[in-house]
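In what follows, a structure is listed as structure tokens, so that the remarks can point back to it.
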Amino acid sequence: MKNIQKDNLIFGRNPVKEAIKHNSVISLFLVEGFRDSEILNLIRLSSLQTKIVSNNELNQMCQGVHQGIAAIIKPYQTHSLEEIIFKSKKEKNPIIVMLDGINDPHNFGAILRCCDIFGVVGVVIAKHNQVPLNATVAKTSAGAINYVPVISVANLNNAIKALKDAGFWIVASSGDAETNYQDLKYDFPTVLVIGNEGSGVSSLVLKNSDYVVKIPMYGKVNSLNASVATGVLLSRIKN
């Protein structure tokens, strides 16, 4: 138990179930008396190494609600930008999300969940100054991490150029924008750029964007969580 790498540990029924389905699990931990028949059947079919532990042992392993199950997973794999561009050609007006410096793994996971819901073909992140794919992201995504391809690039602005060359239009979100996000038609392949939780989208990425839009604020708190903003914007872009 003491040698378990927390970065490779996920817990909770939905994240573990999706990881089993995608052959991402190395080993499993179940509490005594675990009774989820769907997951137990998946375990039998996969022949995974499984260890029965006490609830107290699982509590010590997991920093959160584990629902009686945890798993050691393989490292998550990223995809190439070329692969996602090729995949996007099969869709009319595909959507890609680009994250410019998201540092909170819970935000990243919730964004992946939004992207799965709205059929995003891929999420572009930078190799540096960005939280990587890890167990916390996986847990928060509720399994969406297994369905939404993530592309890790050395430079976001170079990626923007490649995406523009492929026919995408870049739409960045900023509270300082003049254009209401509802005023665009989004009848084109779209890259939606979501910025850092504190500083927003970087100035060079804003400069390289085709459109900069804002979500109007009517309340007392003049900001939105990055994942909530992503959901609001994707809902409009998709529809």
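Annotations for the structure displayed:
- Of all residues making up the stretch 183-205, the number that are of a type outside the set (Asp, Glu), in contact (Cβ under 8 Å) with a residue 12 or more places away in the chain and either assigned to a strand (DSSP E or B) or exposed (fewer than 12 other Cβ atoms within 10 Å of the Cβ) (or both): 9
- Restricting the stretch 100-138 to residues that are touching a Gly at 6+ places or on another chain (Cβ under 6 Å) and assigned to a helix (DSSP H, G or I) leaves a set whose member that is most open to solvent (accessible area, probe 1.4 Å) is 114.
- Number of positions in the stretch 21-52 that are without any contact (Cβ under 8 Å) to a residue 40 or more places away in the chain and either on the phi > 0 side of the Ramachandran plot or of a type outside the set (D, E, K, R) (or both): 18
- Checking each residue in the stretch 44-56 for being over 24 Å from residue 22 (Cβ atoms) and part of a helix (DSSP H, G or I) picks out 55, 56.
- Qualifying residue in the stretch 57-64 (condition: in contact with an Asp or Glu (Cβ under 8 Å, 6 or more places away or on another chain), assigned to a helix (DSSP H, G or I) and of a type in the set (S, T, N, Q)): no
- When residues of the stretch 47-75 are limited to those that are within 22 Å of residue 144 (Cα to Cα), open to solvent by less than 50 Å² (accessible area, probe 1.4 Å) and at pLDDT 90 or above, the one farthest from the chain's Cα centre (by Cα): 68
- Selection within the stretch 206-227: residues that are touching a residue at least 12 places away in the same chain (Cβ under 8 Å) and under 20 Å from the mean Cα position of the chain (by Cα). The member of this set that is surrounded by the most Cβ atoms within 10 Å (Cβ to Cβ) is 226.
- Hits in the stretch 128-149 (condition: more than 22 Å from residue 65 (Cβ to Cβ) and in contact with a helix residue (DSSP H, G or I) (Cβ under 9 Å, 6 or more places away or on another chain)): 130, 132, 147, 148, 149
The values are calculated or read from the model by the stated rules, or taken from the named source; none is laboratory data. Given the structure is predicted, the values throughout are model-derived calculations rather than measurements. Please note: Cβ atoms are built from the backbone with ideal geometry, for glycine as well, and neighbour counts cover all protein chains shown. With ligands, DNA and RNA removed, areas are computed over all heavy atoms of the protein, side chains included. Shrake-Rupley method; radii C 1.70, N 1.55, O 1.52, S 1.80 Å.
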